[in-house]
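Peer 1: Could you have a look at this structure, given as structure tokens, before my questions?
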Amino acid sequence: MVKLKIDNIEVEVAPDTSILDAARTVQINIPTLCKHPDVDPSAGCGMCIVKVGGRIMRSCCTPVSEGMEVITNDEELKEIRKMVLKLILSNHPNDCLNCSRSNQCELQDITAELGIDQNEIVKLVSQEPKDDTTGAIVLDPSKCIVCGRCVNICQNVQNVWALSYLRRGFVTKITGANDTKLANSPCIKCGQCVAHCPTGAITDYDNTRRVSALLNNKKNITVVQIAPAVRVALGEEFGFDFGSNLTGKIYAALRRLGFAKVFDTNFAADLTIIEEASEFVERFTKNDNIPMFTSCCPAWVDYVEKYYPENLANLSSCKSPHQMLGAIAKTYWAEKAGVDASKVKVVSVMPCTAKKWEIGRDETMNSSGYKDVDEVITTRELAKMIKAAGIDFKHLKEEEADSPLGEYSGAGTIFGVTGGVMTAALRTAYFYITGEELGKLNFEAIEGLKAVKAAEIDIKGTKVRIAVVNGVGNVAPVMEAINKAKSEGSEPPYHFIEVMACPGGCIAGGGQPRVMGATFDKPWGINNEIRKLRSKGLYNEDVEAQNRLSHKNESIKKLYADYLGKAGGEKAHHLLHTKYRERDLYKK
Ligand code: SF4
Ligand code: SF4
Ligand code: SF4
């Protein structure tokens, strides 16, 4: 441990701790706009200056040393910080009232905290147009403060390299890599840049107006579904603790917004497990395109299509759960309810920006004869709609989802967290292989936030090697090992692999609420503590569920008995499976 003094307070921290992090251990909050717990420091914004032995240094990238004496807040430092901030503000529009980040903006907060009420520096704001080409995320150069978080997360955490800096000095800008529009870049629409941007410069593409238009057209029967991860995060927008599971309140709010039926993607997560576990058992038995990858994360699918097209056959052919629910709502449910399927419109509330892009994939869209899902909004956008409608969410009475597409097992609910899809699939695959239920339903080895989690599961003497990749940025070594074994003709290192693009899984997806407030127990932005709390919210629901197995979901059993026939059979395959294709990393 290293001992030092910060503002005359004795501090003891591990070597290599930055001064900025060391200060937080004694409740001193040094302002910063570029440092985020998920990324290495970039020393980009210049706000975190401190004095060490009289010299001014950036605290985010200066490690502590024995006997160091640090001053974080004297008059000179305050004045320099104010000047740095005024320079940043001089090329930022005064657009707060019309900005989607208003009230949830680090730049706005820090401006208020430092007491900047006037700025004598002449404004010079970028006139570059917005890039909304992906239909999932929007980059607005006029609001960019070039802090570099998005580039850092996209390159160094996600390993996608879709964003980069262009030019130097005052005219530096953030752009799609190779100065392309984002739709033509390698971007996989994961939205991690959105989740980490401190300002309104990268946001999700706003679909709330389109959803309102669907609801206002009285000829439509507009139904809605919520993804697993939405239920343990939406409450943060309304003052609930991290990880509070508010499923019943969310159903009630959706009815008040005017949705004709409230369904749950957890139902379709159970359906995905039936299809995916059957597919795995068949492929494993025949040694056909093993390892098999999960396919419920569209950003991961996009990544394989762009970076590993030689592995497309390894992806499960299952659609993602919300696409499955869309196809079933427009066929089975419409028939059962006696309504015209052409009038059924499906809205998905997702923690995910990539799903906005996914619903436009040619390969996924029309198996029911209609577009599977009509619109996707994020958890954040749902919060916006609830607030705009004047609904007192906090005090809403809990309601139930509509049957049958609202019934789900504990296995369905843990889809939202890294390791959850694999756990749910193994529970059912074990039953399919042995005809017996697993004694212990959790696999500790694949829970938690480690980059790659691996285990060998003994299924009555058959060894199944599994891996769970937490964040697409951790997949490269796994792919290398798989492709090396393939080229050498040896046994694959794994048989079944789950990959979720966002670190932590969907609970920390690009569309989840922003974590607000620069307090010490809740630092700015998503971090691992919050990932754990949201995950716990889902695991608790699983543990408390009466049924924790997808194959025991009675509504799913009835769906197969009355309509789909056999898992993986012709009808199920037509409605619930999809195809993949190689995509260009860069489009001309
Ligand atoms: S887009 Fe946002 S995260 Fe990226 S550099 Fe600009 S302000 Fe920072
Ligand atoms: S959405 Fe994901 S891949 Fe695309 S620019 Fe942002 S971080 Fe990179
Ligand atoms: S991990 Fe979840 S939220 Fe993130 S891109 Fe994949 S499906 Fe979307």
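Peer 1: How high is the FRET efficiency from Glu570 to Asn547, r the C-beta distance, R0 30 Å, rounded to 0.05? Numbers along the way, then the final one.
Peer 2: Working: r = 28 Å, r/R0 = 0.94.
It comes to 0.60.
Peer 1: What is the distance, in nm, between label points placed 7 Å from the Cα along the Cα-to-Cβ direction at Val122 and at Glu10?
Peer 2: Taking the two extended label points, one gets 5.5 nm.
Peer 1: How far apart, in nanometres, would the label points at Asn98 and Lys536 be if each is projected 7 angstrom from Cα along the Cα-to-Cβ direction?
Peer 2: Spacing of the two 7 Å Cα→Cβ label points: 4.3 nm.
Peer 1: From the Cα gyration tensor of the range 454-588, with a ≥ b ≥ c the square roots of its eigenvalues, which class applies: rounded if a/c is under 1.5, or else prolate if a/b is larger than b/c, or else oblate? Mind dumping the intermediate values first?
Peer 2: Values: a/c = 1.55, a/b = 1.16, b/c = 1.34.
Here the range 454-588 falls in the oblate category.
Peer 1: Based on the mean of other Cβ atoms within 10 Å per residue, sort peptides 177-189, 228-240, 260-272, 90-102 so the most packed one is first.
Peer 2: Numbers: 177-189: 21.3, 228-240: 24.8, 260-272: 28.5, 90-102: 14.7.
The packing order, highest mean first, is 260-272, 228-240, 177-189, 90-102.
Peer 1: Could I ask something else about it? So how much slack lies between Arg256 and Lys450, counting 0.36 nm per residue of separation and subtracting their Cα-Cα distance, in nm? Intermediate results must be reported in sequence, preceding the final value.
Peer 2: On the way: separation 194, 0.36 × 194 = 69.84 nm, distance 4.01 nm.
My answer for the length gained is 65.8 nm.
Peer 1: Hey, another quick one. Place +1 on the Cβ of every Lys and Arg and -1 on the Cβ of every Asp and Glu in the chain, take the dipole about the Cα centre, and give the residue among Ala545, Leu20, Ile188 whose Cα lies farthest towards its positive end.
Peer 2: Going by the charge dipole, the pick is Ile188.
Peer 1: Identify, among Met385, Tyr332, Tyr370, the residue whose Cα sits farthest towards the positive end of the charge dipole of the range 330-409, taking +1 on the Cβ of Lys and Arg and -1 on the Cβ of Asp and Glu, with the dipole about the Cα centre.
Peer 2: Going by the charge dipole, the pick is Met385.
Peer 1: Take peptides 199-212, 56-69 and line them up by average Cβ neighbours within 10 Å, highest first, as a rough protection proxy. Write out the running numbers ahead of the final one.
Peer 2: Working: 199-212: 20.1, 56-69: 17.6.
Averaged packing, sorted descending, gives the order 199-212, 56-69.
Peer 1: Still on this model: Hey, which of these cross-link pairs are over 22 Å Cα-Cα: Lys355/Lys536; Lys261/Lys384; Lys5/Lys51?
Peer 2: On the way: Lys355/Lys536 24 Å; Lys261/Lys384 20 Å; Lys5/Lys51 12 Å.
The answer is Lys355/Lys536.
Peer 1: Between rounded, prolate and oblate, where does the range 360-407 land on the alpha carbon gyration tensor, with a ≥ b ≥ c its root eigenvalues, rounded for a/c under 1.5, else prolate if a/b exceeds b/c?
Peer 2: Working: a/c = 4.00, a/b = 1.71, b/c = 2.35.
Oblate, because a/c is 1.5 or more while a/b does not exceed b/c.
Peer 1: Can you tell me the equivalent ellipsoid semi-axes for the range 263-391? Use √(5λ) from the Cα gyration tensor, largest first, whole Å. Walk me through the numbers on the way to the answer.
Peer 2: Values: eigenvalues 160, 71, 34 Å².
Semi-axes (√(5λ), whole Å): 28, 19, 13.
Peer 1: Can you give me the distance in nm between label points at Asn217 and Lys82, each placed 7 Å from the Cα along the Cα-to-Cβ direction?
Peer 2: It is 5.5 nm.
Peer 1: Considering the Cα trace of the chain, what is its radius of gyration and what is Dmax, both in angstroms?
Peer 2: My reading of the Cα-based Rg and Dmax gives 24.6, 78 Å.
Peer 1: Here is a further query. Projecting each Cα onto the charge dipole of the chain (Lys/Arg +1, Asp/Glu -1 at the beta carbon, about the Cα centre), which of Leu33, Pro492, Trp161 comes out farthest on the positive side?
Peer 2: Looking along the dipole axis, the top candidate is Trp161.
Peer 1: With +1 on each Lys and Arg Cβ and -1 on each Asp and Glu Cβ, and nothing else charged, work out how big the dipole of the range 94-189 is about its Cα centre, in Debye to the nearest 20.
Peer 2: Numbers: 10 positive and 11 negative charges, 88 e Å.
Roughly 420 debye, rounded to the nearest 20.
Peer 1: Report Rg/Rh for the range 2-88, rounded to two decimals, where Rg is the Cα radius of gyration and Rh the Kirkwood radius.
Peer 2: Numbers: Rg = 12.2 Å, Rh = 12.9 Å.
Checking Rg against Rh, the ratio lands at 0.94.
Peer 1: Hey, another quick one. Ranked highest first by the average count of other Cβ atoms within 10 Å around their residues, in what order do 441-452, 313-324, 388-399 fall?
Peer 2: Numbers: 441-452: 16.9, 313-324: 25.0, 388-399: 12.8.
Answer by packing, highest mean first, reads 313-324, 441-452, 388-399.
Peer 1: So if I take the centroid of the Cα atoms in the range 561-588 and the same for the range 102-170, what is the distance between those two points in Å?
Peer 2: Between the Cα centres of the range 561-588 and the range 102-170 lies a distance of 38 Å.
Peer 1: Further question on the same structure: Determine the dipole magnitude for the range 2-88: charges of +1 sit on the beta-carbon of Lys and Arg, -1 on that of Asp and Glu, nothing else is charged, the reference point is the Cα centre, and the result goes in debye to the nearest 20.
Peer 2: On the way: 11 positive and 13 negative charges, 72 e Å.
Result for the range 2-88 is approximately 340 debye, rounded to the nearest 20.
Peer 1: Okay, moving on. For the chain, what is the charge dipole size about the Cα centre, in debye to the nearest 20, if Lys and Arg each add +1 at the Cβ and Asp and Glu each add -1 at the Cβ? The partial results should precede the final answer.
Peer 2: On the way: 73 positive and 74 negative charges, 247 e Å.
Its charge dipole is roughly 1180 debye.
Read-outs: derived from the displayed coordinates by stated rules, not from any lab. Keep in mind the model is a prediction, meaning the values are calculated, not measured. Glycine also receives a Cβ, built like all others from the backbone with ideal geometry; neighbour counts cover every protein chain displayed.
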